[in-house]
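Since the structure comes first, as structure tokens, the remarks are kept for the end.
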Amino acid sequence: MISKDDINMFEEIFWHELESWFSSEIACCDECYDDFLSIWPHAYSADNATFQKSSIDLDSFYSGSYLRDTFTKEQFDELIRHILCPRCGASLQANIWPYNFPFTVPDDIERSIQELGKIAKSTPFLLLNHPFAKETFEMLTNISKTIQPTQLKEYLYRARLVGADVKESPTCFQPPPKDRTTEGRYNHAGNPVLYLASDLETCHSEMRMKTCIIAEIQIIKPLTILDLVDSEKSHEDFYNALSSLCYSALTSAKQSSEGWHKPEYVFSRFVADCCRQAKIQAIQYPSTRMTKQSFNLVIIDENFSFLKDACIKSYINKSEVTRK
Ligand SMILES: [Zn+2]
């Protein structure tokens, strides 16, 4: 028979052990894992997949902790039902993810993310009515005053699928013409921008590993860049807010729907509009297709000329890679 004192002692040891093992709170449990990642998709792969590595099953936690000295496995299985997930309030089942974000998560942001997700699906033009969108607009305007133009030293990469009209020629690697520009993460339909990747592998992966020609590109013109990948270094004063944008579905949602309706891109397109208005010329953001520290760069400046402001160093042919 389990007494109230047993439950209290169990809870005390459980939380103490968790703290001493992980120094982290429980980010999610089996019940709310999908919900957590739908709100924070970039947490899955960020920082060398720290979140994925944080997963632990409760049986292993029991056998490696002091709980084992005090309670039998049968008692543990019964008492663990009294520990509730801090995120969703459900009883813990099989696994927990003790994980802290590497930044301070602003209060109430999850509610804003969910509200903005609904607006994006039904009435995207009303986005700016939401207080969080207004704050984002103001923040990006303020950040723009602190950014100096940067001369990019690293080569960047841009791919074209192999086809009849694709040649190893700079004109083939410009942004597409307006009548062939579909909606993207940081551009409206009919509004061409230049998407580039930090490395060959990311570039090929963004093309879903199909056969393509990849151009190795040097950007000659210095650019003002909003850096969502390393905002701690680039925009220290805005680190928490920018990291929240970067880790959340606001800018890092995977594009799942087909066709014209792409609500996952509404907020990131809004961010691009704010940047363009504030004379920020490019946005550096993490790739949603790779797990290491790779990134993409999108040049949103309408006055950027690919033929004058960039030059191609080489072309690399990549054949299709099929994943089993
Ligand atoms: Zn939970």
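The values are calculated or read from the model by the stated rules, or taken from the named source; none is laboratory data. None of the values given here were measured: they were computed from a predicted structure. A quick note on method: Cβ atoms are made from the backbone with ideal geometry, for glycine too, and the neighbour counts reach across all protein chains shown. The area values use the complete protein model at the heavy-atom level, side chains included, leaving out ligands, DNA and RNA. Shrake-Rupley method; radii C 1.70, N 1.55, O 1.52, S 1.80 Å.
What the table shows:
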read-out: Gyration tensor over alpha-carbon atoms, segment 218-324, equivalent ellipsoid semi-axes in Å; value: 23, 22, 16
read-out: Paramagnetic reach from residue 169 (point 7 Å along Cα→Cβ, amide N under 20 Å) across segment 179-212; value: 179-181, 212
read-out: Whole-Hz couplings from phi, Karplus 6.51/-1.76/1.60, listed for segment 114-131; x for Gly and Pro; value: 5, 5, 5, x, 5, 4, 4, 6, 10, 9, x, 5, 8, 3, 5, 6, 7, x
read-out: Computed label-point distance, nm, for sites residue 230 and residue 314 using a 7 Å Cα→Cβ extension; value: 2.4
read-out: Virtual paramagnetic centre 7 Å along Cα→Cβ of residue 130, amide N under 14 Å, in segment 21-63; value: 39-40
read-out: Under 18 Å from the Cα of residue 279 - aspartates and glutamates, other chains or at least 8 residues apart; value: 135, 138, 227, 301, 302, 309
read-out: Span from the segment 164-190 Cα centroid across to the segment 235-277 one, whole angstrom; value: 21
read-out: Sequence-distant residues sharing a close amide H with residue 224 (under 5 Å, placed H); value: 150, 281, 282
read-out: Residue with peak Gaussian network fluctuation, the chain [Cα springs, cutoff 10 Å], from 271, 229, 105; value: 105
read-out: Proximal aspartates and glutamates relative to residue 145, as straight alpha-carbon distance under 13 Å, when same-chain residues fewer than 8 apart are discounted; value: 237
read-out: Anisotropy class of segment 5-102 from Cα gyration tensor, a/c 1.5 cut; value: prolate
read-out: Segment 204-324: antiparallel DSSP beta bridges as a percent of all, rounded to 5; value: 80
read-out: Rounded FRET efficiency, nearest 0.05, which uses the C-beta distance separating residue 182 from residue 60 and R0 of 51 Å; value: 0.65
read-out: Share of carbon and sulfur in the accessible heavy-atom surface of the chain [1.4 Å probe, %]; value: 49
read-out: Among 33, 285, 66, residue whose mean-square fluctuation peaks in a GNM of the chain (springs only between Cα atoms under 10 Å); value: 66
read-out: Per-residue ³J(HN,Hα) for segment 226-239, Karplus 6.51 cos²θ - 1.76 cosθ + 1.60, θ = phi - 60°, Hz, x for Gly and Pro; value: 8, 9, 8, 7, 10, 6, 4, 7, 7, 9, 3, 5, 10, 4
read-out: Restraint check, 254/318; 134/254; 153/178; 53/221, Cα-Cα greater than 32 Å; value: 53/221
read-out: Accessible solvent surface per residue of the chain, calculated while the other protein chains remain in place, 1.4 angstrom probe, Å²; value: 53
read-out: Taking segment 133-286 and dividing mean pair separation by its residue count, relative contact order in percent (alpha carbons under 8 Å, at least six apart); value: 32
read-out: Table column - 3J(HN,Hα) (Hz), segment 174-182, Karplus curve with 6.51, -1.76, 1.60, x for Gly and Pro; value: 5, x, x, x, 3, 6, 10, 8, 8
read-out: Kirkwood estimate for the chain, i.e. one over the average of 1/r between Cα atoms, Å; value: 22.1
read-out: Per-pair calculated FRET efficiency, R0 = 45 Å: residue 4 and residue 293 via Cβ, rounded to 0.05; value: 0.35
read-out: Cα gyration tensor category, rounded, prolate or oblate, for segment 269-311 with a/c compared to 1.5; value: oblate
read-out: Among 185, 269, 81, residue whose mean-square fluctuation peaks in a GNM of the chain (springs only between Cα atoms under 10 Å); value: 81
read-out: Over the chain, relative contact order from alpha-carbon pairs under 8 Å, at least 6 apart, %; value: 22
